[in-house]
Structure formats: C-alpha cells, structure tokens
Amino acid sequence: MVASIIVVNCILVPLIRYIYDPSELYQTGRRCTIQHTRRDLELRVMVCIHNNENLPMILNLLEASYASRESRIEVTALVLVELQGRARPILFANQEQPHDEMRSMSCNASHIDNALRQYAQQNEGYVSVQSFTSISTFETMYDDICKISLDTGSNILILPFHKRWEIDGTVEISHRTIQTMNIEVLERAPCSVGILVDRGILSPSPSLLMARAAFYVAVFFIGGQDDAETLAYASRMVRHECVYVTVVRFLLFGHENSKDRKRDSDLIDEYRYYNAGNQRFELMNEVVKNGIEMSTCIRRLIDYFDLVMVGREHPDSVIFQGHDQWSECQELGVIGDMLASPDFVTKASLLVVQQQRIRGTLVKHNVNANPVPNHRDQLVYDIPNDTVDKYDRV
C-alpha cells in the first residue's frame with residue numbers, strides 16, 4: 001500500500017499533468033479583445049466583484065464603456081464568495097435563484113444585482129446584464145471565471161485587486177489568495193484581462209451613471225500589445241459625452257528611428273485620426289531619458305485624473321531599469337506595480353490591462369481605427385466576432 005501510494009503521487013500524477021493540461025480548454029483561436037472588435041459590434045464585458053466597496057468604480061467603468069445603439073454592451077457579473085463550511089463549491093445564476101439558502105450565503109449578491117439592474121435601466125435597450133455567484137475557494141475560483149468568460153465570449157474581463165485602501169490612506173490586504181487567483185486567470189483567460197485597483201474611497205469619483213459628472217481618464221502609453229489594448233478601450237470611452245481621455249506617450253530619448261516607435265506612432269495616429277474633432281481626446285508626448293524622469297512625470301500628472309490605464313507588459317527598455325527590482329505584484333507588471341504601491345501617493349484608481357494571449361503569445365499587432373474599409377481592415381478583422389455562433393449561457 002505504501003509503495004502504491006508513492007507510485008501514484010510521484011509518477012502517475014506528474015505524468016497525467018504532462019499529458020493533459022486543463023487550461024487548454026480556454027485556449028481558442030478567436031480574437032476576444034477590444035482592439036480586434038469592430039466598433040459596430042457588441043462589446044462583452046465581464047466583471048468580478050468581491051465586495052460592495054468596488055461597485056461605484058465598477059459602475060463608472062461600465063458606464064464609461066459607452067453603450068449605444070450602434071454598439072451595445074453585454075455585461076456578465078460574477079460575485080466572488082469564499083467557500084466556508086461546505087464540502088464542494090457552487091456556481092449559480094442569480095436570476096434563477098430565489099431568496100433561499102444559497103442566496104443567503106452571499107449577502108452582497110442582492111445589493112450588487114440591484115446596482116447592475118439600475119445601470120441596465122439607465123441604458124435601456126443598449127445594455128443587457130446577467131449575473132452569477134461563485135462560492136468557492138479563491139485558489140480554484142479561476143476555473144469558474146475562465147469558463148464563464150469563455151462561454152459568454154467576453155472581450156475583456158475585469159478582476160479585483162487583493163489590496164484595499166482605507167479612508168485614512170492606509171492599505172490592507174483584503175485577501176491574499178485573490179492575488180493567486182488573478183495570476184492564474186492572467187495565464188489562462190480566453191480574452192483580455194484588466195485588474196482594477198480601486199482608490200475611490202480616498203476621493204470619491206464623480207458618478208457617471210447618476211450625476212453625469214465629468215470623468216477624466218489617462219492612458220500611460222509606452223508601447224506593446226497591452227498598451228494597444230488599453231488605447232483601444234480608452235478610444236471607446238472617449239465617445240461618452242462625459243469622459244475626457246488624455247493619452248500620455250512616453251518617448252525614450254535617442255530612439256526616434258526605432259521600428260517599435262514607428263509602429264506605435266502609426267497606431268496612435270490612427271486613433272487620433274478617428275477622434276479628430278473630439279475635444280475630449282488629447283495626446284501628450286513626454287520625452288524621457290530613464291525611469292526616474294518617467295516616474296517624476298507620472299507623479300506630476302496623475303492626480304489630475306480619476307482613472308489611469310496602463311498595459312501590463314511592455315518591450316524591454318532602459319525606462320524599466322531599477323523599477324523591476326522593486327516589483328512586488330507581478331500580476332500588475334512593472335508600471336502597474338509602481339502606480340499601485342502604497343508609497344505612490346495618489347487618489348486616482350488604476351486599471352492594468354493585458355491583451356488576450358493566444359496559446360501563451362500575443363495576438364498579431366494589426367489595428368486600424370479608420371472606419372473606411374481597406375486591405376488593412378481585412379487583416380484586423382479577419383476573424384470577426386459576429387461570425388462566431390452565439391455562446392451557450394452558463
């Protein structure tokens with residue numbers, strides 16, 4: 001018996017893991033990103049909510065995503081509840097469950113449902129909402145998240161951050177295993193992923209949904225596919241009449257003729273051309289020599305905004321030298337980790353975006369925001385979302 005146990009645990013288990021990888025279920029050849037979704041197609045957003053404190057910022061983010069007659073928004077909400085005192089995890093649709101035992105296990109579900117329903121009513125005809133509750137351990141909850149995002153065909157998945165800001169400015173860890181969950185989702189997600197670092201309690205953000213107040217968004221653009229996805233999301237936001245977007249592009253001194261800079265310049269020029277005449281879209285170029293100058297520039301600008309968006313990963317550059325040595329949260333990347341650090345004093349919330357990985361790699365870098373159809377559009381939209389069959393609901 002002892003020998004058989006040793007054989008099973010030391011030989012068979014690693015062998016099965018080598019032969020069968022469950023994460024392959026989430027790997028698809030479809031481009032489920034905002035960058036590669038045509039503007040006239042439905043945007044599918046999935047949000048994971050751990051507590052009610054994040055609701056105001058999440059609602060602002062959904063409202064800023066700009067639902068319209070030309071491009072509706074389908075929202076899938078997943079309420080995350082830690083498993084306590086049960087033998088196995090549970091996943092259920094909130095709309096199908098009355099106020100019974102399972103609903104009572106999640107005291108936040110009803111309040112979250114009401115808030116999402118109000119958001120849908122404010123955008124009646126343009127927004128559809130469905131919500132689920134996952135009662136499980138955070139170590140395995142990534143499986144429910146990836147399955148639902150795959151089944152609903154989400155373009156972007158919004159995750160909570162594992163740290164929480166208090167009203168006095170101190171930072172507490174709400175749940176350490178949420179960080180593990182986020183890392184697992186980033187590795188397996190069948191769509192783009194955003195991690196929301198909510199600092200709204202320090203300075204309550206204006207309500208886009210109710211008060212229709214001005215909402216200021218910054219995009220820190222350094223280069224790479226994740227920044228391209230961030231720029232695509234912000235370009236959609238700026239179509240909202242109350243959203244002001246400022247793209248701050250950091251240019252490394254002495255690299256004017258590099259191929260990466262020319263490619264990024266073409267991408268930005270396309271979005272600038274598309275937003276020509278929109279006074280709420282602004283582009284700033286900041287030339288820096290190293291990471292210290294970039295950090296100084298960010299500290300000077302960041303407090304003017306309610307939300308800062310940045311890509312998770314970037315091409316290798318001297319800008320990151322020194323910053324990567326102090327990185328604590330690998331799921332945020334170098335710049336995101338710096339902006340989310342308790343030592344970085346700011347009241348602006350942060351959204352760190354990772355573009356969809358297809359079999360562990362980045363999707364092809366081809367985007368054209370120009371609505372005029374041409375050959376490049378065929379490269380961008382060679383796998384349009386509207387050709388995909390409607391997904392079965394969980």
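The residue that is surrounded by the most Cβ atoms within 10 Å (Cβ to Cβ), counting only those in the stretch 337-353 that are of a type in the set (D, E, K, R) and in contact with a helix residue (DSSP H, G or I) (Cβ under 9 Å, 6 or more places away or on another chain), is 337.
Residues in the stretch 314-325 that are under 23 Å from the mean Cα position of the chain (by Cα) and either among the aromatic types (Phe, Trp, Tyr) or buried (at least 16 other Cβ atoms within 10 Å of the Cβ) (or both): 314, 320, 323. Just checking, how many residues over the stretch 209-221 are crowded, with 23+ Cβ neighbours inside 10 Å and in contact with a Phe, Trp or Tyr (Cβ under 6 Å, 6 or more places away or on another chain)? Residues in the stretch 209-221 being crowded, with 23+ Cβ neighbours inside 10 Å and in contact with a Phe, Trp or Tyr (Cβ under 6 Å, 6 or more places away or on another chain): 1 in total.
Taking the listed residues 334, 308, 287, the one that is in contact (Cβ under 8 Å) with a residue 12 or more places away in the chain, crowded, with 17+ Cβ neighbours inside 10 Å and either among the hydroxyl-bearing types (Ser, Thr, Tyr) or part of a strand (DSSP E or B) (or both) is 308, with no other qualifying.
Within the stretch 12-53, the set of residues being open to solvent by less than 30 Å² (accessible area, probe 1.4 Å), at pLDDT below 75 and not polar (S, T, N, Q) comprises 26 only.
How many residues does the stretch 163-214 contain that are over 19 Å from residue 352 (Cβ atoms) and in contact with a Lys or Arg (Cβ under 7 Å, 6 or more places away or on another chain)? Looking only at that region, the number is 2. Considering each residue of the stretch 239-246 in turn, none proves to be touching a His at 6+ places or on another chain (Cβ under 9 Å) and surrounded by fewer than 20 Cβ atoms within 10 Å (Cβ to Cβ). Against the conditions (1) out of contact with any helix residue (DSSP H, G or I) (no Cβ under 8 Å at 6 or more places or on another chain); (2) open to solvent by less than 20 Å² (accessible area, probe 1.4 Å); (3) modelled with pLDDT under 90, residue 297 satisfies every one except (3).
Does residue 383 meet the test of being aliphatic (A, V, I, L, M) and at pLDDT 65 or above? No, not satisfied. One residue stands out in the stretch 269-284 among those that are free of Cβ contacts under 8 Å to residues at least 60 places away in the same chain and not in a loop (DSSP other than H, G, I, E, B): the one that is farthest from residue 254 (Cα to Cα), namely 281. Identify all residues within the stretch 157-188 that are aliphatic (A, V, I, L, M) and open to solvent by 10 Å² or more (accessible area, probe 1.4 Å); write none if there are none. Hits for the stretch 157-188 are 167, 171, 173, 183, 186.
Here residue 60 fits the description: within 26 Å of residue 122 (Cα to Cα) and either assigned to a helix (DSSP H, G or I) or at pLDDT below 85 (or both).
For the stretch 243-258, filtering for residues that are in contact with a Lys or Arg (Cβ under 9 Å, 6 or more places away or on another chain) and touching a residue at least 60 places away in the same chain (Cβ under 8 Å) leaves 2. Of the strands (runs of 3 or more DSSP E) lying entirely inside the stretch 144-247, those carrying at least 1 residues that are among the aliphatic types (A, V, I, L, M) and touching a helix residue (DSSP H, G or I) at 6+ places or on another chain (Cβ under 7 Å) are 156-160, 192-197, 215-221.
The values are calculated or read from the model by the stated rules, or taken from the named source; none is laboratory data. Computed from a predicted structure; not experimentally measured. When we count neighbours, we look across all protein chains shown, and the Cβ atoms used for this are built from the backbone with ideal geometry, even at glycine. Calculation scope for accessible area: heavy atoms of the full protein, side chains included, ligands and nucleic acids excluded. Shrake-Rupley method; radii C 1.70, N 1.55, O 1.52, S 1.80 Å.
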